Amino acid sequence: MNSVINNSFKLKDKDFSNFIEASQLPRHRWYYYKEGFSPSLVKEAIETYEIKPNQLVLDPFNGSGTVTLTASENNIRSVGIEVNPFTAFVSKTKALNTKKKVLSELFEKTYEKINIGKEFPELEKYSTFTELSNKKKWLFNLEVLRAFYGGYSFVEKIKSNASDLIKLVLLTSVMEVANAKKDGKCLRYKTKWQKIQYNKNDFIKAFISNYIKIEQDIESSKIKNQPIIYNSDTRNALNNNKNGKFDLIITSPPYLNTFDYTDIYRPELFLGKFILNSEALSQLRLKTIRSHIQVKWKLPNVSELDSILLNDVFKRLSKNKELLMHPRIPQMILAYFEDMKLIFGALSKHSNKNAHLWMIVSNSAYANEEIPVDLILSDIATKNGWYLKEIGVLRNIRKRKTKYSPDIKTLRESVIILEKK
Ligand SMILES: C[S@@+](CC[C@H](N)C(=O)[O-])C[C@H]1O[C@@H](n2cnc3c(N)ncnc32)[C@H](O)[C@@H]1O
């Protein structure tokens, strides 16, 4: 099976599986999404199969919407499915059009409201949101949160494209002046965050500079073919697909790395009122692919997975539980592939003859061994409606040294290229 791995893949080592390129491009740059990939990768797939405007592109794990926005920019119809309501909002908003004049008027009014500020009663004492929560560390200085909410509580009452665009500016800006920042799996407090003492003016500066990017791009990069974005769980969203069959699927599912996206985007989820309490957050976690262990999901049905490779990994890890950071890891691995099996089947069912699927994934490390996620997924895909064309290596990611897998220095990140059976 190793011969299917193309180590000299033409897209290798071009930074196509990260967000570097997107963070410089019109519209894509409106929200820095750390886990996103590059529009060039999407364009490459679209060009490879000569996808036409009347054909349909899908991203079932749409994240911040790189695939759908790139399809739109190339005037191609597209559908995105994303479970996290905040990221689904980012994806939708990045493709919105409005008149510059309407946007700048709303910006001016919001600016005034920010200056006045407003109490945010639901969050000021909640969890670690501000110093009023009586914790040793807090995410936002009270002054910053109130400035944010002065603006947000004003625009949230207005239902328009311009209002969604300003909401995005507010959310991006407040995160820039938060006391913690995203770092791998968690939010890490900035060094000297207490000394920095972010205040209202810092927030306003961020608000202006983020607004300028949108104002510069909004008319120069108009979107003609709006993507359709669903905020739902891909595992059942496709059952109700009314958009017709897909011709090209490009996607990057959550990696098998215990990374919980709902956790890392918790501030934005609460700030934007996409979720209102911790119970809603737990419910959201249960709707995500089982690639993490923070919530008690339904246990996998072991007998259903007929992959020799997977069973081999499962048996070895189950025997070596003391080498794992959590005893539920073997179950999580099975659950992950069970979810992905369901998805491969549904994607095949809803695809046209000759459709292609590009899936970007990375391998994982557990109990000091590399789990060949790309090979296992390919194995499962070929039993659930797809032919394997190749596994193109995108790069070998340098891995931080950990107590549990000290000898694993790099992990393969690749694109699995499949064709519908
Ligand atoms: C690696 S990210 C995709 C990033 C995307 N390619 C981009 O450029 O922005 C994976 C996404 O899958 C989403 N996700 C996890 N479980 C899901 C589910 N059951 N249905 C739909 N989306 C899900 C996560 O919220 C996350 O945004």
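The values are calculated or read from the model by the stated rules, or taken from the named source; none is laboratory data. Small disclaimer: the values here were computed from a predicted structure and weren't measured. Here the Cβ is made from the backbone with ideal geometry for all residues, glycine too, and neighbour counts use every protein chain on show.
Things to note:
- Among the residues making up the range 1-40, those that are closer than 24 Å to Lys182 by Cβ, in a loop (DSSP other than H, G, I, E, B) and hydrophobic (A, V, I, L, M, F, W, C) are Phe16, Phe19, Ile20, Leu25, Phe37.
- The helices (runs of 4 or more DSSP H) located wholly in the range 255-327 that include 2 or more residues which are within 24 Å of the chain's Cα centre (by Cα) and aliphatic (A, V, I, L, M) occupy 266-271, 278-287.
- Qualifying residue in the range 324-331 (condition: surrounded by fewer than 20 Cβ atoms within 10 Å (Cβ to Cβ) and in contact with a Phe, Trp or Tyr (Cβ under 8 Å, 6 or more places away or on another chain)): yes
- Gly150 meets all of the listed conditions (1) of a type outside the set (Phe, Trp, Tyr); (2) under 18 Å from Met175 (Cα atoms); (3) surrounded by fewer than 18 Cβ atoms within 10 Å (Cβ to Cβ) but one, namely (3).
- If you go through the range 218-237 and keep only what is outside any loop (DSSP other than H, G, I, E, B), under 27 Å from Pro330 (Cβ atoms) and in contact (Cβ under 8 Å) with a residue 40 or more places away in the chain, you end up with Thr234, Arg235.
- Sole residue being more than 16 Å from the ligand (Cβ to nearest atom), of a type in the set (Asp, Glu) and loosely packed, with under 14 Cβ neighbours inside 10 Å, chosen from Glu156, Glu219: Glu219
- Candidate set from the range 10-45 (those that are of a type in the set (A, V, I, L, M, F, W, C) and out of contact with any Leu (no Cβ under 7 Å at 6 or more places or on another chain)); member that is nearest to Val373 (Cα to Cα): Phe37
Each row is one residue, and each column tells you yes or no for (1) near the ligand (Cβ under 10 Å from one of its atoms); (2) in the same structural domain as Asp339 (by TED's automatic domain parsing); (3) among the small types (Gly, Ala, Ser); (4) under 21 Å from Arg235 (Cβ atoms).
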| residue | (1), (2), (3), (4) |
| --- | --- |
| Ile250 | yes, yes, no, yes |
| Thr258 | no, yes, no, yes |
| Arg266 | no, yes, no, no |
| Leu281 | no, yes, no, yes |
| Arg290 | yes, yes, no, yes |
| Pro300 | no, yes, no, yes |
| Asp306 | no, yes, no, yes |
| Lys315 | no, yes, no, no |
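- Residue within the range 351-371 that is in a helix (DSSP H, G or I), crowded, with 21+ Cβ neighbours inside 10 Å, in the same structural domain as Arg398 (by TED's automatic domain parsing) and within 16 Å of the ligand (Cβ to nearest atom) present: no
- Being under 30 Å from Leu238 (Cα atoms), within 25 Å of the chain's Cα centre (by Cα), assigned to a loop (DSSP other than H, G, I, E, B) and more than 16 Å from the ligand (Cβ to nearest atom) holds for only one residue in Leu139, Leu96, and it is Leu96.
- Residue count for the range 267-284, restricted to those that are closer than 17 Å to Leu187 by Cα and free of Cβ contacts under 8 Å to residues at least 60 places away in the same chain: 1
- The set of residues in the range 238-254 being within 12 Å of the chain's Cα centre (by Cα) and in a strand (DSSP E or B) consists of Thr251 alone.
- If only residues of the range 74-91 that are more than 16 Å from Pro60 (Cβ to Cβ) and more than 12 Å from the ligand (Cβ to nearest atom) are counted, the one that is surrounded by the most Cβ atoms within 10 Å (Cβ to Cβ) is Ile76.
- Unmet criterion (only one of (1) surrounded by fewer than 24 Cβ atoms within 10 Å (Cβ to Cβ); (2) in contact with a Lys or Arg (Cβ under 8 Å, 6 or more places away or on another chain); (3) over 25 Å from Asn201 (Cβ atoms)) for Lys94: (1)
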